[in-house]
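The values are calculated or read from the model by the stated rules, or taken from the named source; none is laboratory data. The structure displayed is predicted, hence computed values, not measured ones. Here the Cβ positions follow ideal geometry from the backbone for every residue, glycine too, while neighbour counts run over all protein chains shown.
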Amino acid sequence: MKKLVILFLSLLVVGPGCSLKKKGLPAPAKSSTTYDEKLYNALEWRSIGPYRGGRADAVTGVPGKPNLFYFGATGGGVWRTTDAGNSWENISDGFFGSSIGAIAVSEWDNNVIYVGQGEVTVRGNVSYGNGMYKTTDAGKTWTQIGLKDSKHVSRIRIHPKNPDLVYAAVLGDLFKTSEDRGIYRSEDGGKTGKNLFANADAGAIDLSMDPNNPRILLRQPGV
């Protein structure tokens, strides 16, 4: 059975008597890429909508499709643009709304999208959600797939070659101890799941997947 490697973010401390350079081996050559400032000095930020109130803390693009983006609002569900922000449409109305904390689109099948509810912009006034939703037809229909008591789903990662293998970092209830937090994994597209790192007092605020080896995940603990 292949092992799943999950690393915690940590600080590497090298003491005075330690050396990272092996004797007899030349130091690796440093390489850097530079760009002419003229290429980006004229760039300016501008609002691309949609013109609605509230906060947006979940957004994702789609590899190979530079004009396609999704974003989640704290009180307005999931929105999509197919023309790089010139126009937007809500694709979750009629299925769910509420606060969105995470969105992920499968690289292998762009029709598969996972959404986690509950904003993760921790502040005095936050909006929670009721778990995770999934679509297999690019947002035409949605299905609730669990974690209904998770309150705040902070990040979703999908295996690059298997849209059924998905991980979720769950921050959990911000105001009390809860078993519904940690790192969850589903190998069947959300039908069933397992909590890999459960801690009633510390959830997960972020989760990264090594682009060269999807079996390596880095988790950042949260509230």
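Summary table
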| item | result |
| --- | --- |
| Pick from the range 188-216, criterion under 14 Å from the mean Cα position of the chain (by Cα) and under 22 Å from LYS134 (Cα atoms), ranking: surrounded by the most Cβ atoms within 10 Å (Cβ to Cβ) | ALA204 |
| Which listed residue, of THR121, THR135, is under 17 Å from the mean Cα position of the chain (by Cα), surrounded by fewer than 24 Cβ atoms within 10 Å (Cβ to Cβ) and modelled with pLDDT under 95 | THR121 |
| Index of the failed condition, GLY85 passing every other in (1) surrounded by 15 or more Cβ atoms within 10 Å (Cβ to Cβ); (2) in contact (Cβ under 8 Å) with a residue 40 or more places away in the chain; (3) in a loop (DSSP other than H, G, I, E, B) | (2) |
| Filter result (under 20 Å from GLY129 (Cα atoms), of a type in the set (Asp, Glu) and without any contact (Cβ under 8 Å) to a residue 24 or more places away in the chain) within the range 152-187 | GLU179 |
| Pairs with Cβ under 6 Å, 6+ apart, first in the range 116-140 and touching a residue at least 60 places away in the same chain (Cβ under 8 Å) and at positive phi, second in a loop (DSSP other than H, G, I, E, B) and of a type outside the set (Lys, Arg) | GLY139/ILE91 |
| GLN144 surrounded by fewer than 20 Cβ atoms within 10 Å (Cβ to Cβ) and either over 12 Å from the mean Cα position of the chain (by Cα) or not acidic (Asp, Glu) (or both) | yes |
| Breaking point among (1) over 14 Å from the mean Cα position of the chain (by Cα); (2) in a strand (DSSP E or B); (3) not aromatic (Phe, Trp, Tyr), for GLY129 | (2) |
| Residue list for the range 138-185, filter: among the charged types (D, E, K, R) and not in a loop (DSSP other than H, G, I, E, B) | ARG155, ARG157, ASP164, ARG185 |
| Residue satisfying condition, being touching a residue at least 60 places away in the same chain (Cβ under 8 Å) and part of a strand (DSSP E or B), within set LEU207, LEU196 | LEU196 |
| Boolean, ASP149 is under 21 Å from ILE91 (Cα atoms), of a type in the set (Asp, Glu), surrounded by fewer than 24 Cβ atoms within 10 Å (Cβ to Cβ) and touching a residue at least 12 places away in the same chain (Cβ under 8 Å) | no |
